[in-house]
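Read the structure below first, then the notes.
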Amino acid sequence: DVKVTQSSRYLVKRTGEKVFLECVQDMDHENMFWYRQDPGLGLRLIYFSYDVKMKEKGDIPEGYSVSREKKERFSLILESASTNQTSMYLCASSQSQLRQPQHFGDGTRLSIL
Amino acid sequence: AQSVTQPDIHITVSEGASLELRCNYSYGATPYLFWYVQSPGQGLQLLLKYFSGDTLVQGIKGFEAEFKRSQSSFNLRKPSVHWSDAAEYFCAVRSNSGYALNFGKGTSLLVTP
């Protein structure tokens with residue numbers, strides 16, 4: 001089975017801090033994704049990566065950056081955390097073929113105080 | 001751009017009753033469609049997917065979905081609901097980029113005794 005592991009289930013940070021969310025997948029997938037999930041808004045794509053060191057902006061990239069130095073690891077960075085970034089963050093990975101589904105981690109619930 | 005609409009925010013069914021969750025998509029060609037389920041505090045689990053062929057797709061946990069091009073729909077069904085099916089259900093379509101998924105806002109399912 002594909003395993004996507006997010007480093008923290010719950011995280012509490014303060015406004016202005018630089019925050020790192022880490023995600024690791026063990027199936028040699030080419031694609032990796034970061035979504036944020038908010039009640040009533042569903043999942044919204046922040047960034048994705050289709051190869052090492054490659055990244056593309058999603059629908060809501062403002063205030064975020066990403067890093068993919070190794071194929072199995074995809075990091076989401078909040079450069080200067082703000083309260084409106086309090087949310088559930090979900091990482092996913094997939095093979096490159098279009099018909100292949102995405103596999104999700106259990107999520108990180110991030111609170112910015 | 002490809003998008004999906006889930007018209008029902010909440011649905012309540014009795015245990016043992018049948019279930020149908022609605023999903024309408026917007027896409028010119030044959031879309032790649034997915035249904036995911038999210039239990040409280042968990043990530044998303046793939047239930048089933050459709051990209052071509054037989055329009056009735058079987059998934060895990062006894063779920064099925066039917067692709068209807070004429071109605072631009074991909075509704076999820078289950079003949080007899082169990083209390084453990086209570087969760088949030090998301091319909092998704094592959095995005096224009098071919099990499100990411102566009103998700104509906106989700107339908108929350110409550111199962112009563």
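Quick notes
- Here the condition is being more than 10 Å from every other protein chain (Cβ to nearest Cβ), at negative phi, in a strand (DSSP E or B) and over 11 Å from the mean Cα position of the chain (by Cα); of A:Leu11, A:Leu43, it holds for A:Leu11 alone.
- Of residues in region A:46-65 being more than 10 Å from chain B (Cβ to nearest Cβ) and open to solvent by 50 Å² or more (accessible area, probe 1.4 Å), the one farthest from B:Gln2 (Cα to Cα): A:Lys53
- Subset tally (residues that are farther than 19 Å from B:Tyr25 by Cα, touching a residue at least 40 places away in the same chain (Cβ under 8 Å) and not acidic (Asp, Glu)) for region B:54-85: 6
- A:Leu110 open to solvent by less than 10 Å² (accessible area, probe 1.4 Å) and either touching a residue at least 60 places away in the same chain (Cβ under 8 Å) or within 14 Å of chain B (Cβ to nearest Cβ) (or both): yes
- Scope region B:22-34; condition more than 10 Å from chain A (Cβ to nearest Cβ) and in contact with a Lys or Arg (Cβ under 8 Å, 6 or more places away or on another chain); matching residues: B:Thr30, B:Pro31, B:Leu33
- Of the strands (runs of 3 or more DSSP E) that lie entirely inside region B:44-113, those containing 3 or more residues that are within 14 Å of chain A (Cβ to nearest Cβ), touching a Gly at 6+ places or on another chain (Cβ under 9 Å) and not acidic (Asp, Glu) span B:44-50, B:87-94.
- The set of residues in region A:20-40 that are among the aliphatic types (A, V, I, L, M) and either under 13 Å from A:Leu90 (Cβ atoms) or buried (at least 20 other Cβ atoms within 10 Å of the Cβ) (or both) comprises A:Leu21, A:Met32.
- Being more than 25 Å from A:Lys3 (Cβ to Cβ) and buried (at least 21 other Cβ atoms within 10 Å of the Cβ) holds for only one residue in B:Phe90, B:Phe67, and it is B:Phe67.
- Enumeration of residues in region A:75-104 that are more than 9 Å from chain B (Cβ to nearest Cβ), open to solvent by less than 70 Å² (accessible area, probe 1.4 Å), more than 18 Å from A:Gly16 (Cβ to Cβ) and touching an Asp or Glu at 6+ places or on another chain (Cβ under 8 Å): A:Ser75, A:Met88
- Of the residues making up region B:10-26, those that are surrounded by fewer than 18 Cβ atoms within 10 Å (Cβ to Cβ) and part of a loop (DSSP other than H, G, I, E, B) are B:Glu15, B:Gly16, B:Ala17, B:Ser18, B:Arg22.
- Screening B:Gln38 on (1) touching a residue at least 40 places away in the same chain (Cβ under 8 Å); (2) of a type in the set (S, T, N, Q); (3) facing chain A (nearest Cβ under 8 Å) shows it passes everything except condition (3).
- Strands (runs of 3 or more DSSP E) lying entirely in region A:51-95 (those with 3 or more residues that are in contact (Cβ under 8 Å) with a residue 24 or more places away in the chain and either closer than 19 Å to A:Gln6 by Cβ or in contact with a Pro (Cβ under 8 Å, 6 or more places away or on another chain) (or both)): A:64-70, A:73-78, A:87-94
The values are calculated or read from the model by the stated rules, or taken from the named source; none is laboratory data. These numbers come from a predicted model, not from an experiment. When we count neighbours, we look across all protein chains shown, and the Cβ atoms used for this are built from the backbone with ideal geometry, even at glycine. Protein only, heavy atoms only, side chains kept; ligands, DNA and RNA dropped before computing areas. Shrake-Rupley method; radii C 1.70, N 1.55, O 1.52, S 1.80 Å.
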